[in-house]
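Laboratory data are not the source of any read-out in this text; all were calculated from the coordinates shown. Worth saying up front: this structure is predicted, and the values here are computed from it rather than measured. When we count neighbours, we look across all protein chains shown, and the Cβ atoms used for this are built from the backbone with ideal geometry, even at glycine.
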């Protein structure tokens, strides 16, 4: 047995014979079950059946559609003809009644008996009005009626008819009624008749029985359409006037929606169609409206009745088709016999060849088939050639089998049921490190390294295989030469060997495979336990694997996403171009890295840092792997940082930083054309007053409310920015003309007309707007902001609550303002400020004992600058506080000097600016300066404007009281230009009023205001000073009206200290040995 080769074993087992039998079995045609003849006949019959069936269906459909169209056309024509006849009958009857009414003589009703005889003997009743005639006088009282009218005549019958006829003032046809006696529908016609003067004399009428004999209406009910079709007549209110079913006459038994075409006819439809009537019957129906009455005539033709003749024709057609099918089948049988006969003979010969035994040869004579020509003869020749080639190939098969046996990639051993090895291929010999002769002397137990080998129960293994179980066993083996051990798998299959059942096992060394599996297990564990989401998809994006982190981060379980695409996480945040770029990258075989905003299962957004890498095998992308890290918290932090950097915390509006980015983007894409790029800077007027008087919380609320109101003034694509403080910037888009700019700015200003309701307080505030346009007014944002700021301040200078467009002049003014501001910051240090003094005269005595100090500025190497140029800058920048303190110290110093010289000054005043007075420690600061100089505080009179006093009035009252307690007196400067009331003046407890120069200048035109101010001041016991007196007339008027003091160019211009001292001495000013009685008046002029 050891010398036998596998090929020899195959020969002994007749493998070529079995292969030949298999081949011949494949060629054999099963005559007993499905012969070719039966199949051919079946195919022909099936084809003919389908063809004839299609012809029958098409013919039936065509004839049905043609018949339907013809029937509808005929019904339309018939209903139109019948309706026309009814209209002519009704119209002619009504015309006859009208002509009849004209035959009444003017003396009608004079002889009632003659009238009755006339009506009784007239043949109109017999021919047309079968129910009778009636005559009514001009009051509607029946004079005569006959026939069956008494069936329906009642107290209201004639009165209703008379009223309707008189109201219409023309012949009438009334809606049919049902006679209670005859149960017939009746129609009443009336006509008016007149006297010789054209006055209505009465009404004549007749009643038609619609079911009377020889009546066009009764004839309507006797008409039949087909076998079961019929016409019927109904009114627009759904009342059935005439119908073959008597119980339906004068009934409304067709409910809306029960018959679609019936409902359409009520709305004006005329024509024919197919519908289901109110009784559920499928019918053809045609409608036509009567012109004379508005009634609707219909013809109803059941579909089943209409198509009954077609069904008969179709039955005949089917009988013909079946006859043709039977004849075609017989013809197919005859043809099949001729075609199939040679094939059956060939089949029989093939069966003989398939039964050749092992002692038979393959040289069977096939000359039997040479008697046929054509395709059958060709088939016989090919069959001979095939047998010769088969014998040759079987020889080659024996050689190739040995090659395959020895060169397979797995080891193969064949052993019997006792485990004795019968054969082994070369890979098996190499696997166990021994030759075939050695292998053939061993059993499978000799190859095992297991203490108790599975092959010890070989009979059980064989039984399991015979039971149909696919058996793959792990096996611990050993090499025979060095006894080294390795892991293997053996796959068993049963075969027949020398007529005995044996086992063939294919053995594979799985040592490396186990190591790879262990590695795969470790990798799988790492994937499963990774905190990052790991997704594997096919090349189309269908998810094949996700790790458990998927559910933790996205909310979707593994089962919910397998088989889906990542689109289930799509949030809609990214544009389509984002995903197109992603797919283009990974399909090109490159990795993609980025951040994706996805949507959690519960709807909230999650951000993921994602890396997607293609898996490439054999230069083709087979899968994609995505590793995703949840960065939602980081993105939230980044967004918060972005918001803090780019949005105002108080109002939520964009800030200057975002404006820079936004404006630079706009300017990069901006092209000069019809549109303009505009910058609007808006600043609230007197916002600091609100802050200081109502508190910062109200101020913050006001800024928030202003932001919301401004949002309502702009479009969604416009940008609104809070620059800081009370400044807002608007960048409108799609502005085309200067008119558009002005309109938008005006709209913004108008939005401030309504008050702001803040913390139960109404706050009125206005705004000033500056406008600059790119690129005319600046090519950079900084330049535009600088210029628009100039325009905004120019708007404020013009009175506020206005709009100012930037121009070159504003730039020059701004530059000048900046230059002066820089110089003023050094003016105090460089001692450039000067004080001038203007005297005040007591009008009653002519004495000059008071003066007013005015501030001047003398910059180095420049001309003197007057207060109206620099005082506003000092107030705006806050430098007025330090300058005001300097002025008060300088005045106190000058007072001390004059006191040492014995010059007596009886009264003086000092103006305090708004910035100074708003300081909480103003009283302490002023008192400190005066006390330090040694001057008595009672000498100093502090001048305040009305606007300063009214700002935060309650708090100012406390400051005024503190100033009075410290010894200062208080004066209202420029009185009459503000909005003080008598009540406020009384509560302020001031000591002096100064009449504004504008009122003094107007004395030549109107003295009313000055008289009023003088009277009010005297009533309050206040000291009065008139400013700006320049003429003797003004002085005389003031003296005559008891004004105490005057000040102006008529007396003296403001003078330096030395000239003022000389002026006082030249007038013989009083001197005193008690310097504490001197008073000094100092004013910082605006």
Can you figure out the FRET efficiency of residue 167 with residue 269, using R₀ = 45 Å and their beta-carbon distance, to the nearest 0.05?
-> 0.90
Taking R0 as 22 Å and r as the Cβ-Cβ distance between residue 500 and residue 433, the FRET efficiency 1/(1 + (r/R0)^6), rounded to the nearest 0.05, comes to 0.15
What order do you get for 591, 790 when you list them from fewest to most C-beta neighbours inside 10 Å?
-> 591, 790
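Just the projected area, averaged over all directions, of the convex hull on the alpha carbon atoms of the range 408-514: how many nm²?
On the way: hull surface 26.8 nm².
Its Cα hull, projected and averaged over all orientations, spans 6.7 nm².
If you rank 590, 167 by fewest surrounding Cβ atoms within 10 Å, what's the result? Could you put the intermediate results ahead of the total?
Values: 590 12, 167 9.
Starting with the residue having the fewest Cβ neighbours, the order is 167, 590.
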Mind checking the full-extension length gain between residue 459 and residue 860? Use 0.36 nm per residue of separation minus the Cα-Cα distance, one decimal, nm.
-> 131.7 nm
Extension length gain for residue 936 and residue 1036 (0.36 nm per residue less Cα distance), in nm, is 32.6 nm
Distance between the range 66-98 and the range 905-966 - C-alpha centres, whole angstrom | 111 Å
Give the value in nm², to one decimal: projected area of the alpha carbon convex hull of the range 815-932, averaged over all directions.
-> 9.1 nm²
The range 689-724 residues near the modelled residue 740 label - backbone nitrogen below 18 Å, point 7 Å along Cα→Cβ | 713-720
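Beyond 20 Å, what share of the Cα-Cα pairs of the range 647-806 remains, rounded to the nearest whole percent? Numbers along the way, then the final one.
Values: 6061 of 12720 pairs.
Result for the distance tail: 48 percent.
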What spacing in nm lies between the two simple spin-label points modelled at residue 335 and residue 831, each 7 Å away from Cα in the Cβ direction?
-> 13.7 nm
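Could you work out the relative contact order of the range 647-806, using alpha carbon pairs under 8 angstrom and six or more residues apart, expressed as a whole percent? Don't jump to the answer; show the numbers that get you there.
Numbers: 258 pairs, mean separation 44.6, N = 160.
The normalised contact order for the range 647-806 reaches 28 percent.
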Give me the distance between the Cα centres of the range 239-279 and the range 615-676, rounded to whole Å.
-> 69 Å
Starting from the Cα of residue 418, step 7 Å along the direction of its Cβ; do the same at residue 919; then give the gap between the two resulting points in nm.
-> 12.7 nm
With label points built 7 Å along Cα→Cβ from the Cα atoms of residue 113 and residue 470, find their separation and express it in nm.
-> 12.7 nm
Given R₀ = 25 Å, FRET efficiency for residue 529-residue 587 by Cβ-Cβ distance, to 0.05?
-> 0.20
At 0.36 nm per residue, minus the direct Cα-Cα distance, what do residue 574 and residue 222 gain on full extension? Give it in nm, one decimal, please.
-> 118.9 nm
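Hey, what did the range 831-1077 get for relative contact order, percent, Cα under 8 Å, at least 6 apart? Mind showing how you got there, number by number?
Numbers: 379 pairs, mean separation 59.0, N = 247.
Worked out over the range 831-1077, it gives 24 percent.
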Could you state the principal axis extents of the C-alpha atoms in the range 102-209, from the largest down, to the nearest angstrom?
-> 42, 30, 23
Bin by bin, in steps of 10 Å, what percent of the Cα pairs in the range 530-636 do you find, going until the bin that has the longest distance?
-> 15, 50, 31, 4, 0
Which value results when the Cα radius of gyration for the range 831-1077 is divided by 2.2 N^0.38 Å?
-> 0.99
